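Structure first, then comments.
The values are calculated or read from the model by the stated rules, or taken from the named source; none is laboratory data. Here the structure is a predicted model, which is why all the values come from computation and not from measurement. Please note: Cβ atoms are built from the backbone with ideal geometry, for glycine as well, and neighbour counts cover all protein chains shown.
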Amino acid sequence: MGKKIFSGVQPTGNLHLGNYLGAIKNFVKLNNESENECVFCVVDLHAITVNQDPKDLRNNIRETVAAFVASGIDPKKNIIFNQSQVSAHSETAWILSCVARMGWLNRMTQFKEKAGKDKEKASVGLYSYPVLMAADILLYDTTHVPVGDDQKQHLELCRDIAQKFNNDFKVEDFFKIPEPLIQKEFSRIMSLKDGTKKMSKSDPSDLSRINLTDDKDQIVNKIKKAKTDPLPLPSNIMDLEKRPEAKNLIGIYASLTNSNLEKSINEFSGKNFSEFKDNLSQVLVDKIIPISEEIKKLLIEEKYLDEILLNGFEKADKIASKKVKKIHEIIGF
């Protein structure tokens, strides 16, 4: 029996290799397994937990859809929509925020990381973001959610909220309890300038990341300049663990070639970085350039991208509004 999968990507622009290997590549695999029902959401309500330029946000929503399609997600087979169009998400988030408990949200480590030292100045939305995420997932009777390490805790919270709602209102199995889908053989993609920091679009240096819209020369140049250490490449995983930059680059190579870390280490054991970087650049160019060219083509076709979102909205709204109607009945509205 197929899985019901829900996943969201924030439209923050400048999608990069970390987004592709951490999420989109896995979405394509799930989309290709015919028995799965997939809902891919551009989570624009989540994006506004921090300040956004309205014009940029609009463009970024389209760019995210373009990246989905360019990477191989079929908009006819799957639901692709943007969250703000389906009002059930906001409404369910409010209802679930009356079920969730402050103590649960206070334990969320991601809020502490994102809010930093001055959490008094962080938005309420940034704090209650995981409740909206729970609404996103639970509205579609989702059975499985692809999550990275940073979202595991939020999915646990989603499961707790679903369980509490079901118990409070004595409606066993009304909200399905979703399971995490953890990628095997995936290493978190780190900055090309610092192997201890996550690859991010907010890094001031463009050399720290491979953007999905980079051309061949940019990719080759960024890999050439990527930080390394003076030793040859290690021969085992234990040595690799002590060398963050080497671990990151080999991890990228392994993910792109659908290999495991051990196999990739054996392939380049004892070789110098310049030889390895030539191989990595070639693999990156082969994988990213077709996606990059397709994204650029699709971005010109705004009407086509908007059509995908409109079709997706109609399908998503039908499912979500039916669920909200039942929530109203259960609560007593």
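What to note about this one:
- Taken together, the residues in region 177-218 that are in contact (Cβ under 8 Å) with a residue 40 or more places away in the chain, touching an Asp or Glu at 6+ places or on another chain (Cβ under 8 Å) and surrounded by fewer than 16 Cβ atoms within 10 Å (Cβ to Cβ) amount to 1.
- Residues of region 29-47 that are buried (at least 16 other Cβ atoms within 10 Å of the Cβ) and either under 17 Å from the mean Cα position of the chain (by Cα) or more than 18 Å from Asp136 (Cβ to Cβ) (or both): Leu30, Asn31, Cys38, Val39, Phe40, Cys41, Val42, Val43, Asp44, Leu45, His46, Ala47.
- Yes/no for Ile137 being within 15 Å of the chain's Cα centre (by Cα), in a helix (DSSP H, G or I) and either assigned by TED's automatic domain parsing to the domain that holds Asn106 or over 15 Å from Gln110 (Cβ atoms) (or both): yes
- Of the criteria (1) part of a loop (DSSP other than H, G, I, E, B); (2) in contact (Cβ under 8 Å) with a residue 12 or more places away in the chain; (3) under 20 Å from Met190 (Cβ atoms), which one Lys277 fails: (1)
- In region 90-135, the qualifying residues are those that are loosely packed, with under 12 Cβ neighbours inside 10 Å and within 22 Å of Gly8 (Cα to Cα), and the one that is modelled with the lowest pLDDT is Glu113.
- Complete set of residues in region 141-155 that are modelled with pLDDT of 80 or more, in contact with a helix residue (DSSP H, G or I) (Cβ under 6 Å, 6 or more places away or on another chain) and not in a helix (DSSP H, G or I): Val145, Pro146, Val147
- All of Ala70, Ala66, Ala23, Ala47 fail the test of being in contact with a strand residue (DSSP E or B) (Cβ under 8 Å, 6 or more places away or on another chain) and small (Gly, Ala, Ser), apart from Ala23.
- The one condition in (1) among the small types (Gly, Ala, Ser); (2) more than 29 Å from Ile295 (Cβ to Cβ); (3) within 20 Å of the chain's Cα centre (by Cα) that Ser202 fails to fulfil: (2)
- Contact map, region 260-273: residues that are farther than 20 Å from Ala226 by Cα and assigned by TED's automatic domain parsing to the domain that holds Ile250 paired with residues that are of a type in the set (Val, Ile, Thr) and modelled with pLDDT under 85, Cβ distance under 9 Å, separation 6+ or inter-chain. Pairs shown: Glu262/Ile237.
- Qualifying residue in region 280-292 (condition: closer than 22 Å to Val39 by Cβ, crowded, with 19+ Cβ neighbours inside 10 Å and more than 20 Å from the chain's Cα centre (by Cα)): no
- All positions within region 136-152 that are in contact (Cβ under 8 Å) with a residue 40 or more places away in the chain and among the β-branched types (Val, Ile, Thr): Ile137, Thr142, Thr143, Val145
- Of all residues making up region 219-234, the number that are buried (at least 16 other Cβ atoms within 10 Å of the Cβ) and among the polar types (S, T, N, Q): 1
- Here Ser259 meets each of (1) in a helix (DSSP H, G or I); (2) within 22 Å of the chain's Cα centre (by Cα); (3) among the polar types (S, T, N, Q) with one exception, condition (1).
- Filtered residues of region 16-53 (kept if charged (D, E, K, R) and either within 12 Å of Ile73 (Cα to Cα) or assigned by TED's automatic domain parsing to the domain that holds Leu256 (or both)): Lys25, Lys29, Glu33
- Contact annotation: residue pairs with Cβ atoms under 7 Å, 6 or more positions apart or on different chains, pairing a residue in region 90-107 that is at negative phi with a partner that is charged (D, E, K, R) and at pLDDT 95 or above, are Val99/Lys164; Val99/Asp168; Trp104/Asp160.
- Taking first residues from region 51-70 that are more than 25 Å from Asn31 (Cα to Cα) and partners that are among the charged types (D, E, K, R), the Cβ contacts under 8 Å between residues at least 6 apart in sequence or on separate chains come to Leu57/Asp44.
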